1. Check every one of the helices (runs of 4 or more DSSP H) wholly within the stretch D:15-133 and list those with 3 or more residues that are under 21 Å from B:Trp206 (Cβ atoms).
2. Would you point out which residue out of B:His54, B:His96 is on the phi > 0 side of the Ramachandran plot, away from every other protein chain (no Cβ under 12 Å) and either in contact with a helix residue (DSSP H, G or I) (Cβ under 7 Å, 6 or more places away or on another chain) or surrounded by fewer than 22 Cβ atoms within 10 Å (Cβ to Cβ) (or both)?
3. Would you mind finding the one in C:Val75, C:Val117 that is assigned by TED's automatic domain parsing to the domain that holds C:Leu196 and within 25 Å of C:Val264 (Cα to Cα)?
4. Give the residues of the stretch A:216-230 that are of a type in the set (A, V, I, L, M, F, W, C) and at the interface with chain B (Cβ under 7 Å from one of its Cβ atoms), sorted by residue number.
5. Out of everything in the stretch A:40-69 that is surrounded by fewer than 19 Cβ atoms within 10 Å (Cβ to Cβ) and not in a loop (DSSP other than H, G, I, E, B), what residue ends up being nearest to the other protein chains (Cβ to nearest Cβ)?
6. Looking only at the stretch C:1-49, count how many residues are under 22 Å from C:Thr236 (Cβ atoms), crowded, with 18+ Cβ neighbours inside 10 Å and among the hydroxyl-bearing types (Ser, Thr, Tyr).
7. Do we find a residue being of a type in the set (Ser, Thr, Tyr) and assigned to a helix (DSSP H, G or I) anywhere in the stretch C:139-146?
Amino acid sequence: MKQLQEILSAIGSWQAKGYQVIAPVRRDNLILLARIEDPSLINLDHILTVNTLKDFMLPRCETILRFDLEKACVEPGIDDSLPTIIFGSRPCDAAALSILDSILIGDVVDSRYAKRRGQTVVLTVACSRVDGACFCKSMGYGPHDPTGSDIILLPSQGGYLVRLISEKGRQFASDVGLEPDDAEADPEPELSRRVSTDGLKAWLDSNFEDPKWQVISENCVSCGTCYYLCPTCHCFDIADEAGISRGVRLRIWDCCSFSSFTKMASHQPRVGKYARYRQRVMHKFKYTVDNIGKVACVGDGRCIRYCPYGVDITEILKALVSGG
Amino acid sequence: MKNEQEAQLRRRVRELLNRGTVEVLLGYGRGLTGVRPLFVRDPANAEKLIWNEHCNLNLAGYLVREPLKQVMAGARIGLIVKGCDFRAVNVLIQEHQVERQNIYLIGMVCNGIESDSGSGILIKCRGCNVQVPEGTDEVIGNPQELRQIDGDPFEDVRAIMEMSLPERWSFWTSTLSRCIKCYACRQACPLCYCEECITEKSRPQWIEKAPTLSGNLAYHFIRTMHLAGRCVACGECSRACPVDIPVDVLTRFVALTIKERFDYVAGDEPDGKPFLASYCEDDPDDFIK
Amino acid sequence: MHNETFVPTLATIEDIRQETPDIRSLRIVLDDEGFRQNFTFKHGQFCLISVFGAGEAVFCLASPPLWKDFVEITVKEVGKVTSAIHDLEVGDKVGFRGPYGNSFPFEENFGRNIVFVGGGIGIAPLRPLIWQTLAERHKFKDVYIIYGARSVSDLVYKEDLRKWASRDDIKLTTTVDPGGEDEAWQGEVGLVPQILEKVSPPTDSVLVTCGPLVMMKFVFLSARKLGFDPNDVITTLEMKMKCGVGTCGRCNIGNKYVCRDGPVFRLAEMEKLPNEF
Amino acid sequence: MGERPIRIIAFLCNWCSYAGADLAGTIRLKHRADVRVIRVPCSGRIDAAFILKAYERGADAVIVGGCHPGDCHYVSGNLSARRRFLVMKQLLEFMGIEPERFEVVWCSAAEGEKWAKIVDDVCERISTLGPFRSYKALTASVLGPGREIVTGEE
């Protein structure tokens, strides 16, 4: 077993080698994952940060290219991504990365994402507490689940046990002199929120048109909170910002709950709030399953915690498959 | 303590639905951590309605959103409002978004809303003069049991007004740098009902799509302007914001300015004139050269 | 060359042809010589064209792969990017990404009748396949082209139409909507699906169609009515797209991404998809 | 000092203030040349988005001008605009923008001299205040150094 201090000093030594460290810190009333200079500011007294690792792997805004029409010059946006250590994110967030990897590093490789992932080491700190919105177990993960992590630290009697998960994690640990432990960890905290996914896929496969879609989306006001805070949502927009001759092309997060998302000059294929909400559910629980064999939900519960109007995905999944 | 007001509300809603006075009623139901909107169609579900000092949400925005917007014509929609929420309904009526005869308003006598963080009565409730809503179709609650809510409802706004210009700039730029443009503030606002928001217009693109600081500042500035003389200070925007931006401080600053300079309060009466769509010959002009 | 997924390569507009009052075709030459020489695509694929400052939009490659050294796109002025394209002049630079998407079946239809049914600018994605079919004309039985537009002035590719009309190995029928004809008009007058039924090609043909959504829905009905097998009715779809590679998440119809799994679909496949296009 | 000259954008209504500015030029009144005029049909047309866009694209200050009350070609466009301008001016200041960077002026077609004087006054004050650096810094902040959106034609 190791104390937090010991682990942090190992990380500090890597900062000196040019790694940036992303970790949870307090900003006003929020706990956010952010780049930190001083490891002593790391805050591990949280259930989950507001933002997710998506912020760093698929940032909310990045420059694809810059152009200068007078000079007939188009060049890729400066790639200043750095070797990165992520410390203190939770198992659900790491699991989300494994889902994003399957989508963005597939037949077609998203070059920027792939590069950032390649130089990132994920040190997850497993959960010793959960809250009423967490439902990772129901999605096949758990408070101590190692999916997507390179190294996971399991809470044990006030300290942490180091478990090396991936080759990258083993390499990193040996470089920083972090020895793995094999003692037994504290038991996983119990989750009160559960949802069964039995029959869900089958229901979605055959019920694109169903009056339930209207009912379950009633409270939704079509804002982007659930998307923007979701660790697996990855849809984006590409837009130019320009003056008369110079400008940039940006990749920006976008969201299927906005009606402009699918709106074309000629027509709008997806009409209605319920249809947009259906897209969100279908995308996560059917389309992604069809395409990569995984559900695009890790049960982190942010969409439940932060929805201003109490839209609750687990309640909705139950309502969809229930008879009547 | 027995919640007589809640019991009475449930009783009345059941009656209204049974009699067909309303076909659907929107009120407060229980959510994960607090209160969330609840649509009631079946009289039996009236039991699920709640009323307590945490019923902060202003539900008026649902009148102009799917699915209620579609059933508006001809249907009677019941809506539970506090006196302050009623102002938003009035603005919607003034702006011809809602027809008064299509809605049935149940006004709740209100003793102030408690903040979820446990810091007492919300700032927006201070100095409330609509604890007993007037002009609704019926009022539920006992006006005799009211306590006066004192204090300055603009305390947070004034705190910023007391800052120097550079302090204000640094406050807003650092706060707005957190904005991720999820548009929760816009979607939560009962008065942001445009079919196509200026943020979605691309020819020309007035507001940068990206959540850059300049784009965020432009978005919040222009949104605040679009709510000038309309914002009823319900605070839904700030409540909805996942990254704690006090969006309503901007709109309430404008509300305060308009109150002080023009003696105008948005939504005070259903037949009032929209502030920016009207003028007086003797409006202030001391700022014009 | 860079290897960034979303960074286009530069290209130059070599020629502009005004097809109709609001449709123009652009001939585009890729600037990078190595890229140009190795550039190849299949009929039915699409590309993304950038006007820097306005953005990027999807266009089908409207020239056949056998025309080397350039590609053509045909653009109707409807939105921000297409308007910007309509402001471009010969010599101006655009960005080019592609080719993306799947393509029309070709070899598997050797020995069969081919029926092309196009409406308005919807003939653009069929054009590469038509020219490819004509280049290997002897491998097919009868070739029908049924093409219509709202009015005579809205017919695109007038030069192509003249060439096709002059060949006796193509059964070309052109039509305009009622009221869209002028005094000199010698073609049919009527909606495309009606003309399809009138021409009534043999039902063992392969039918390839593209046009406005409404037209396509009725073409499918007519094709069904005439007795076509839905596996032999092929079309190409358009949805809002940003990435072109199946990750930006907006062009899906059910679990199919039009940019990656399409844009070419058989009617039989489409009938299995949710009605959300 | 020695930086690029200040740049001020003026949105002027077609009927009075633009004509006033035009007159100032026609009668060759000497006034500073740092103001670029954009003509709009009426001061009532001037939207908050115009002002923000001007700052975004590098304006150090914005002047909006309309007809004197009673003179509006459309009867009351300027009176409606007056309310909006008051709110805009207050809100800009509330967000920490110096009030000098947004000026409102009524100027008739005959007031060439008034226009010339206002231009000189505004230019003088903005020269003292300096370029609107804090606004330009905004575009750089989210994307990080070296990745800022360069839209101004510096």
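1. Fully inside the stretch D:15-133 and qualifying: D:48-56, D:77-94.
2. Values: B:His54 fails: on the phi > 0 side of the Ramachandran plot.
The match here is B:His96.
3. C:Val117
4. Result: A:Val221, A:Cys223, A:Leu229.
5. A:Asp68
6. Total satisfying the criteria: 2.
7. For the stretch C:139-146, residues of a type in the set (Ser, Thr, Tyr) and assigned to a helix (DSSP H, G or I): absent.
For (1) within 7 Å of another protein chain (Cβ to nearest Cβ); (2) touching a Lys or Arg at 6+ places or on another chain (Cβ under 8 Å); (3) within 20 Å of B:Phe86 (Cβ to Cβ), each residue gets a yes or a no:
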residue: B:Asn216; (1), (2), (3): no, yes, no
residue: B:His226; (1), (2), (3): no, no, no
residue: B:Val232; (1), (2), (3): no, yes, yes
residue: B:Phe253; (1), (2), (3): yes, no, no
residue: B:Gly267; (1), (2), (3): no, yes, yes
residue: B:Cys280; (1), (2), (3): no, no, no
residue: B:Phe287; (1), (2), (3): yes, yes, no
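The values are calculated or read from the model by the stated rules, or taken from the named source; none is laboratory data. No experiment lies behind these values; they were computed from the predicted model shown. As a convention, Cβ positions derive from the backbone with ideal geometry for all residues, glycine included, and neighbour counts pool all protein chains shown.
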